[in-house]
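Q: Could you have a look at this structure, given as structure tokens, before my questions?
The values are calculated or read from the model by the stated rules, or taken from the named source; none is laboratory data. Because the structure is a prediction, the values reported are computed rather than measured. We place every Cβ from the backbone using ideal geometry, glycine too, and count neighbours over all the protein chains shown. Just the protein is used for accessible areas: all its heavy atoms, side chains included, with ligands, DNA and RNA removed. Shrake-Rupley method; radii C 1.70, N 1.55, O 1.52, S 1.80 Å.
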Amino acid sequence: MKCFVITKRQIVLTCALFMALTVCIVGSFTTFAKGDRRLPIYCVECEEKRVAISFDAAWGNDDTGTLINILSQYNVPATFFVVGAWVDKYPESVKQLSDAGHRIENHSNTHPYMSKLSSDQIKNEIDSCNSKIQNVTGRKPTLIRVPYGDYDNHVVETVESMGMYCIQWDVDSLDWKDNASPDSIYQKVTGKVKNGSIVLFHNDADHTPEALGNILKTLKEQGYEFVFIEDLILKENYEIKHDGTQCKIKDGAN
């Protein structure tokens, strides 16, 4: 019967090797996890009191004219993300929005779950909607908000490969909910807006028109300037933090 004697030195070396391997593996995983996830732009880090108002238009159209009037009353520019099928159905409203000075951006062509599509299918959704918007407004969109907020690395990378920016939001009015009221919408928005926020509304939610005027009035009184999302976001030399905040890369940063 053979006996194996393990010396103290061997134990120390084995432990050191194990620890080194552990650090290497964990370090590699941390780098992978941190650097691998691709995010859209939820908001922008900025010192100025700037905020961007946005609306998604996918289904109804009863309140679009009213929203245009309210935005005009407070001299507020807004970004409207529209579905291509909505453009087909309401081209006159798309033109009305554009003529009123608002930006019309991409919300897909048929409102699918983008993460379930191939790159070619995603590109087709984007290109089809872009073409419809450009035919009505004369301007090609530069931004897209994917339906349902459904994105993954594959979606974000495909959008970026087309030279467009993927946009989310950091302030959700939740105006689409059944229990939404003008006051709840007002509180959710005014209570969360900060410098560089992107606010989400919907063009056909029941109580958005009732809440919108008071929201715009309050934010103006607080000193906020309203801008298009395209003018709020950074176009170069930026990074996106883990919470979706887009910020300028500091000089000397890796």
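Q: Accessible surface of Glu45 in the full protein assembly, 1.4 angstrom probe, to the nearest 10 Å²?
A: 90
Q: If you consider only alpha-carbon coordinates, what radius of gyration and Dmax does segment 100-172 have, in Å?
A: Computed over the Cα atoms of segment 100-172, radius of gyration and Dmax are 11.8, 36 Å.
Q: When every alpha-carbon pair in segment 130-185 is counted, what percent end up more than 14 Å apart? Let's see the in-between values first.
A: Details: 1024 of 1540 pairs.
Distances greater than 14 Å cover 66 percent of the Cα pairs.
Q: May I pose another question? Based on the mean of other Cβ atoms within 10 Å per residue, sort peptides 71-77, 49-55, 96-102 so the most packed one is first. Present the calculation step by step, with values, prior to reporting the outcome.
A: Numbers: 71-77: 15.4, 49-55: 23.1, 96-102: 17.1.
The most tightly packed comes first, giving 49-55, 96-102, 71-77.
Q: In the chain, what % of DSSP beta bridges are antiparallel (nearest 5)? Spell out each step's value before the answer.
A: Working: 3 of 28 bridges.
Here the antiparallel bridges make up roughly 10 percent for the chain.
Q: Tell me the mean residue ellipticity at 222 nm calculated for the chain from its helices only (DSSP H runs of n ≥ 4, each -39500 (n - 2.57), averaged over every residue, nearest 500).
A: Value at 222 nm, helices only: -13500 deg cm²/dmol.
Q: Another question, if that's okay. Rounded to a whole number, what is D in µm²/s for segment 112-152 from Stokes-Einstein with the Kirkwood radius over alpha-carbon pairs (25 °C, 0.890 mPa s)?
A: 225
Q: Same structure again: Answer with one residue from His207, Leu97, Gln187: the one whose Cα lies farthest towards the positive end of the charge dipole of the chain, charges on Cβ with Lys, Arg +1 and Asp, Glu -1.
A: Towards the positive end, the residue furthest out is Gln187.
Q: Any idea what the alpha-carbon Rg over 2.2 N^0.38 Å comes to for segment 175-254?
A: So the Cα radius of gyration is 1.35 times the expected 2.2 N^0.38 Å.
Q: Here is a follow-up. Would you mind getting me the FRET efficiency between Trp59 and Lys123? Use the beta-carbon distance for r and R0 = 35 Å, nearest 0.05.
A: My answer for the efficiency is 0.90.
Q: Could you tell me the distance between the Cα centroids of segment 180-221 and segment 55-104, to the nearest Å?
A: Between the Cα centre of segment 180-221 and that of segment 55-104, the gap is 17 Å.
Q: Using 0.36 nm per residue, how much length does the chain from His242 to Asp152 gain when fully extended, once their Cα-Cα distance is taken away?
A: Extra length from His242 to Asp152 when fully extended: 31.0 nm.
Q: Tell me the Kirkwood hydrodynamic radius of segment 69-204 in angstroms, computed as one over the mean inverse distance between distinct C-alpha pairs. List each step's numbers first, then the result.
A: Numbers: mean 1/r = 0.0632 Å⁻¹.
For segment 69-204, the Kirkwood estimate is 15.8 Å.
Q: I need the shape label for segment 207-248. Rule: rounded when a/c is under 1.5, else prolate if a/b > b/c, else oblate, with a, b, c from the alpha carbon gyration tensor. List each step's numbers first, then the result.
A: Numbers: a/c = 2.80, a/b = 2.30, b/c = 1.22.
The shape class here is prolate.
Q: Over the Cα atoms of segment 47-128, what is the Rg over Rh ratio if Rh follows Kirkwood?
A: Ratio of gyration radius to Kirkwood radius: 1.04.
Q: Also, quick follow-up: So if each residue of separation counts as 0.36 nm, and I subtract the Cα-Cα distance between Ser115 and Glu92, what length gain in nm does that give?
A: Length gained between Ser115 and Glu92: 5.2 nm.
Q: Treat the chain as a sphere of radius equal to its Kirkwood radius over Cα pairs and apply Stokes-Einstein at 10 °C in a medium of 1.306 mPa s; give the translational diffusion coefficient in µm²/s, rounded to a whole number.
A: Calculated translational D: 78 µm²/s.
Q: Over 27 Å between C-alpha atoms is what I'm after, so list which of Lys123/Lys235; Lys188/Lys220; Lys132/Lys177 land there.
A: Lys132/Lys177
Q: Given a Förster radius of 41 Å and the C-beta distance between Lys140 and Lys217 as r, what FRET efficiency does 1/(1 + (r/R0)^6) yield to the nearest 0.05?
A: My answer for the efficiency is 0.75.
Q: Let me ask something else. As an exercise, use a Förster radius of 22 Å and the Cβ-Cβ distance of Lys49 and Tyr74 to find the FRET efficiency, rounded to the nearest 0.05.
A: E between Lys49 and Tyr74, to the nearest 0.05, is 0.90.
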